[in-house]
Amino acid sequence: MMPVLPIVVSAAAPASAEAEKVSLRYYDDIVSRYHGRPALQQEILAAQAGYPSDDLAPPAGILLLARQGRAVLGCAGMRIRPGDIGEVTRVFVEPAARGQGVGRLLMQNLESESRALGLTALRLDTRTDLIEARSLYASVGFIEGEAHNTDPYANHWFRKELR
């Protein structure tokens, strides 16, 4: 019997090969869900280009990857915004790893990193069709509230006070 490797969460450079690969899988997933069909490569690349990730690195933010052995199971990012607020983005868990606590682990680590940076709140937005994401955010203490941006793809806005 093979031992089960632990899931380890750590920071990664957004431009690293691992981060780029998981970013493409993230965009493939959300674009496919949005259209209700498999996303075309050009749609995936256009979505990725529309939401750059260069600010998901210190000192402007952080990108976390969840790994089990050499496999990347998911990611979560955070941008530092004015007023000591962290804006959560790019939360994704590989379909085969869903339901195993990877998303929760990523969110807990993101919250710990945000507290260490002295942030007072986290906020995020998501879409109506991302039901699992909305459930995760509520389960880790985010409260749905007023819009904090005008992203055309956002339907739900959440916030969590860290103090």
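The values are calculated or read from the model by the stated rules, or taken from the named source; none is laboratory data. Since the structure is predicted, the reported quantities are computational estimates derived from the model, not experimental observations. As a convention, Cβ positions derive from the backbone with ideal geometry for all residues, glycine included, and neighbour counts pool all protein chains shown. The area values use the complete protein model at the heavy-atom level, side chains included, leaving out ligands, DNA and RNA. Shrake-Rupley method; radii C 1.70, N 1.55, O 1.52, S 1.80 Å.
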Check your understanding: Hey, quick one: spin label on Asp84, modelled 7 Å out along Cα-Cβ, who in region 91-135 has an amide N within reach, i.e. under 18 Å?
Key -> 111-123
Exercise for review: Calculate the spin-label point distance for Met1 paired with Ser16, positioning each point 7 Å from the Cα along the beta-carbon direction, and give it in nanometres.
Suggested key: 3.2 nm
Check your understanding: Counting only residues 5 or more places away or on other chains, whose amide H sits under 5 Å from the amide H of Ala121 once H atoms are built in the peptide plane?
Key -> Gly86, Leu162
Review point. Helix-derived [θ] at 222 nm for the chain: sum -39500 (n - 2.57) over DSSP H runs of at least 4, divide by residue count, nearest 500?
Key: -10500 deg cm²/dmol
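Are there DSSP H segments in the chain that both extend 20 Å or more along their axis (alpha-carbon positions) and score a mean Kyte-Doolittle hydropathy of at least -1.0? List them, or say none. Can you show the working numbers first?
Working: long enough: 17-35 (27 Å, -0.81); 102-116 (21 Å, -0.38).
Result, helices passing both filters: 17-35, 102-116.
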Revision key, fill the gap. Computed on Cα atoms only, the convex hull of region 57-163 has an orientation-averaged projected area in nm² of 6.9 nm²
Revision key, fill the gap. Expressed as a whole-number percentage, the relative contact order of the chain with C-alpha contacts under 8 angstrom and at least six residues apart is 18 percent
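Using Cα pairs under 8 angstrom and six or more residues apart, how large is the relative contact order of region 57-102, in percent? Please list the in-between numbers first.
Working: 63 pairs, mean separation 13.6, N = 46.
The normalised contact order for region 57-102 reaches 30 percent.
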Point to revise | Å² of accessible area per residue within the chain, as computed with a 1.4 Å probe and no ligands counted | key: 54 Å²
